Structures are given as structure tokens and as C-alpha cells.
1. Going by what's in this entry, would VAL52 be described as exposed (fewer than 14 other Cβ atoms within 10 Å of the Cβ), free of Cβ contacts under 8 Å to residues at least 40 places away in the same chain and assigned by TED's automatic domain parsing to the domain that holds ALA82?
2. So, in region 221-255, of the ones that are touching a Lys or Arg at 6+ places or on another chain (Cβ under 9 Å) and loosely packed, with under 13 Cβ neighbours inside 10 Å, which residue ends up nearest to ARG177 (Cα to Cα)?
3. Please specify each residue of region 55-71 satisfying the condition of being exposed (fewer than 15 other Cβ atoms within 10 Å of the Cβ) and not hydrophobic (A, V, I, L, M, F, W, C).
4. Taking the stated definitions as given, is GLY302 touching a residue at least 60 places away in the same chain (Cβ under 8 Å) and not in a helix (DSSP H, G or I)?
5. Can you spot a residue in region 245-260 that is in a loop (DSSP other than H, G, I, E, B), free of Cβ contacts under 8 Å to residues at least 24 places away in the same chain and over 30 Å from GLU110 (Cα atoms)?
6. Could you grab me the full set of residues in region 230-244 that are without any contact (Cβ under 8 Å) to a residue 24 or more places away in the chain and either in a loop (DSSP other than H, G, I, E, B) or among the aromatic types (Phe, Trp, Tyr) (or both)?
7. Is it the case, given these coordinates, that ALA300 is within 20 Å of the chain's Cα centre (by Cα), of a type outside the set (D, E, K, R) and farther than 22 Å from GLY153 by Cα?
8. Does VAL178 count as in the same structural domain as SER243 (by TED's automatic domain parsing), more than 18 Å from the chain's Cα centre (by Cα) and surrounded by fewer than 24 Cβ atoms within 10 Å (Cβ to Cβ)?
Amino acid sequence: MRILVLGGTRFLGRAFVDAALGRGDTVTLFNRGKTNPGLYPGVETVAGDRTVDLSALDGREWDTVVDVAAYEPEVVRRSARALARRTGQYVFVSTVSVYADQSTREGQLEDAGLLELRDGIEDFGELYGARKAAAERVVRDVYGDRALIARPGLIVGPHDPTDRFPYWPRRIARGGRVLAPGDQADLVQFIDVRDLASWLADACHHGRHGVFNVTGTPEPFGIMLGLCKTATYSDAELTWIPSGRLLAAGVEPWMGIPLWVGESGSDGVNNVDSSRAVAAGLACRPVADTIRDTLAWDRARGGPAPGDEGLSAAEEERLLRELAR
């Protein structure tokens, strides 16, 4: 199969390229060459900036185009239209953040209502979801039943550019008294980037189309942190601090502590139903494997840059000292 990947050298993009190469596919990358240049010396790379000019791809055809990281609707429109007659399928990686109602599991089924892009949106999360939803509409308008829309939630694993998930294996492995946010029954949900990439690669070969939520099984936060302890043979002591107390202390919901939401009305965020993707072949590896592989990568790179930690040791200690009872 001939596959054009828009991007392809960062996190999900590189995981997808690995998956496609492992299936014997012929891969072409189209990117600016700024992120991990030279990562795939044996893979054809066409230099170009999709935001302004795709003419470097003129005269070429592919079986599938895979768009892993775009969220500006006009940028997606440019690539979708430019490639419409030169590919059989367009795979667009969206997000579960497109759903208008994040308060329930039902509000995040594939046919549920989506956010609308409108003037005056200031919340970054809502703006991100609305832009992705608008980009989805562009792809569906151009490709119809040749479009595959994948909606993952939190993507985790080796080469994660954020510190949302890597923080926890690293922190638990260090041991000692650990601030655990909220309640241990609160749900967390994520998918290993390699499992998502594998499903996408298989979906290309099967010619799948339509919309799929693609994320892992919801797990209680306490179970996930317990798996971190087991996987790393840690003696960490989990100290649970209720969300209300953290919010009252000024901790920012969503971003203040990795994987913690903390905001009311978001009960569906970590409880997304991916049964449609499971029926279409989605399989997720054991969480302990993701934990260990992420920690191995995190330690090999030397951990995050100073100031980029999900929660600094000093801030964790302050919150434990002031809020733990």
C-alpha cells in the first residue's frame, strides 16, 4: 500500500510510520523537516509546508493519506482538496474533545453532537475541540465515504511530547509520599500511541471509513497508580487529596496536576465508549507494559526539561504540607 503521511516524525506520526513500515507499506512523508529531521533515512521525504503550498506533491498518487496532527480547518481544507483526486482514502486523526456534551458517556458516542466553531471562544480546550470538529466536517465534505475519522482521547507512551502520563511512572518510581489528586475511584482513560497507530494502519488496509472513538478502557485512578507501583516495584505512599480541596487551594483544573480533571460537568471525559473501534479490531496492550516502556524512554532521555515537569517536587510538597490530613 502506498501511504502519504502529513508530518510523520513526532509521537503519533512516527508511531504510525513504524506501524506502516512493519506492514510492508511504501511510505512518503510530507513535512517541513523541522521535527526530528533524518529520523527515517530510508523513507522518502518530500519537503514542504502544508499551510501554504502542497505543489511538491503534484503528479503523485497514493492509496491513503494520513493526517495525524492538523486542527486548523483551513489548513485541512487545503490538503483535503489538493489530494482528493489522488488518493482513495483520507484518514484524519481528530479527538474526543469535539463533543459538545462532555458530562456523560452518551454525550460522547460517535453520533453525538459536536462543538461549533464560533466567534468569541476563549477557552483553549473548547477552541481546540471546535476547530477539530470543523476540520472533521471539511474532510467528510470532501471525501464522503472515503473518509476515516479517528477520535482518540489522551495518547500516551514513548516519545510523548507532554508530561501528562510520563509524570506518573517517574514519580511513583521515585517513591516516598505521593500526592494523588481527587478520589481513587475517579476514572482515567488513555491509549498507547503504538496501539492507536496499529489500529490506524490496519484500518487503512481494510479500507475502513466513518467515525470511531479510539481510546482505551476507563480505569479508576487508584488502579492506574497501583499499576505504576507494581510495574516499578515502588514503595510509594499515595496520599489522596479531594478535588474540592485542591481547587480551593488554587490548583488549575485539567492542567494543574497530570491526568487530573478536577472540573465538574466533565464526568464523560474519561469514560468514552470505544466499542465500535474494538469491533473493528482495536486491541490495547496491558497498561503495565505502557507504564514500563514510558518510564524506560523517559529515563533514557533524561526526563523532562527543568520547569516542564507535570508537577514540580516543590509544588507537590507544598500541597501535601498544606492540604493533606
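The values are calculated or read from the model by the stated rules, or taken from the named source; none is laboratory data. Source: prediction; values computed, not measured. All Cβ positions, even for glycine, are placed from backbone atoms using ideal geometry, and neighbour counts span all protein chains on display.
1. So VAL52 passes the test.
2. Out of the qualifying residues, it is GLU237.
3. Selection gives SER55, ASP58, GLY59, ARG60, GLU61.
4. Considered against the rule, which asks whether it is touching a residue at least 60 places away in the same chain (Cβ under 8 Å) and not in a helix (DSSP H, G or I), GLY302 comes out as no.
5. Checked against the condition, which is being in a loop (DSSP other than H, G, I, E, B), free of Cβ contacts under 8 Å to residues at least 24 places away in the same chain and over 30 Å from GLU110 (Cα atoms), region 245-260 yields at least one hit.
6. TYR233
7. It is false that ALA300 is within 20 Å of the chain's Cα centre (by Cα), of a type outside the set (D, E, K, R) and farther than 22 Å from GLY153 by Cα.
8. Yes.
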